[in-house]
Amino acid sequence: MDPRVGGQSYLVTGGTRGIGLATTRLLLDEGASVMVAARTTESIERAAADLGENPRVGFVEADLRHPEGADRAVTAASERFGELDGVVNNAAGFAAGGGHPDRAAWTELFELKLLGYESVIQAALGRMRDGGGFVNVSGIASMRHWPGSPHVSAINAGVEALSRHYAAELAGRRIRVNTVVPGVTATDRYRMAVQRVSERDGIDPAAARERLDGGVPLGRATDPAEVAATIVFLLSEHSASTTGATVVVDGGTIAAPGTARVG
């Protein structure tokens, strides 16, 4: 199915790895232009090498924990490509495990993910065409117990509420706002968890991977490209009547009573 995003312009935050990089790659493959925002020069350089030379991709260093970061990302996108057709809010970061999160962990994730997403939305509204769209990436900790991560659960739930709020607020401009909720996904953090479990339990990586995947009803971690395909679908005209939705891509984890987690 042609996602019909070719010739359009997008901003992807957290776009240099995992789901964000997969989304960037799919948009570029379909002929769209993408401004990728990330916190570090190192991650930008790595993603640029991965994607190769392409005049339809740009990069901007922007820390969404600070209001100026959102302004910098949106300004770079609009100056490079003009009016925006959509934004993917995917910036995130937290360390799983290690006991109960302290106040600093709560504050950092809140500023990066919830307040950061809000800042990007506000910065982008004046530079987005009517009929465009936002996709905010949450996580299944919002819908089920995730041991040791109350901040992740609460803030991801806030992302979903934020999407519903703006879906109602922006309907008059036909701007759609949706949330995608990934489950256990084969990102860098997942691969680190495989290594950690392998070393901790004295088993080979394949066995560690099988253990981590055991709580996923479909029996495997989700490929980031699968989440990206859902994101791009929600940005496209194929989902022109979809707004305020929360779309889960988790291999059935929420539907089943298992205990899937990374680490």
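Could you list all residues from region 104-148 that are in a loop (DSSP other than H, G, I, E, B) and either within 23 Å of Thr230 (Cβ to Cβ) or under 17 Å from the mean Cα position of the chain (by Cα) (or both)?
Listed by number, the residues that qualify are Ser138, Gly139, Met143, Arg144, Trp146.
For the condition closer than 30 Å to Gly148 by Cβ and among the charged types (D, E, K, R), what is the one hit in Glu79, Glu68, Glu83, Glu42?
The conditions single out Glu42.
Would you check which residues across region 6-21 are surrounded by 24 or more Cβ atoms within 10 Å (Cβ to Cβ) and not in a strand (DSSP E or B) and list them?
Narrowing region 6-21 to residues surrounded by 24 or more Cβ atoms within 10 Å (Cβ to Cβ): 9-16, 19-21.
Gly14, Gly15, Thr16, Ile19, Gly20, Leu21, listed by residue number.
Residues in region 164-173: is at least one crowded, with 24+ Cβ neighbours inside 10 Å and either in the same structural domain as Asp63 (by TED's automatic domain parsing) or farther than 19 Å from Gly15 by Cα (or both)?
No, every residue in region 164-173 fails to be crowded, with 24+ Cβ neighbours inside 10 Å and either in the same structural domain as Asp63 (by TED's automatic domain parsing) or farther than 19 Å from Gly15 by Cα (or both).
One line per residue, one yes/no per condition, for (1) at pLDDT 95 or above; (2) under 18 Å from Lys113 (Cβ atoms); (3) among the aliphatic types (A, V, I, L, M):
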| residue | (1), (2), (3) |
| --- | --- |
| Val5 | no, no, yes |
| Tyr10 | yes, no, no |
| Thr23 | yes, yes, no |
| Asp29 | yes, no, no |
| Arg39 | no, yes, no |
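For the subset of region 241-253 comprising residues that are at pLDDT below 95 and over 13 Å from Val180 (Cβ atoms), which member is surrounded by the fewest Cβ atoms within 10 Å (Cβ to Cβ)?
Gly252
Please work out which one of (1) under 20 Å from Ile140 (Cβ atoms); (2) of a type outside the set (A, V, I, L, M, F, W, C); (3) touching a helix residue (DSSP H, G or I) at 6+ places or on another chain (Cβ under 9 Å) is the condition Pro217 fails and give its number.
(3)
The values are calculated or read from the model by the stated rules, or taken from the named source; none is laboratory data. Quantities reported herein were computed from a predicted structural model and do not represent experimental measurements. We place every Cβ from the backbone using ideal geometry, glycine too, and count neighbours over all the protein chains shown.
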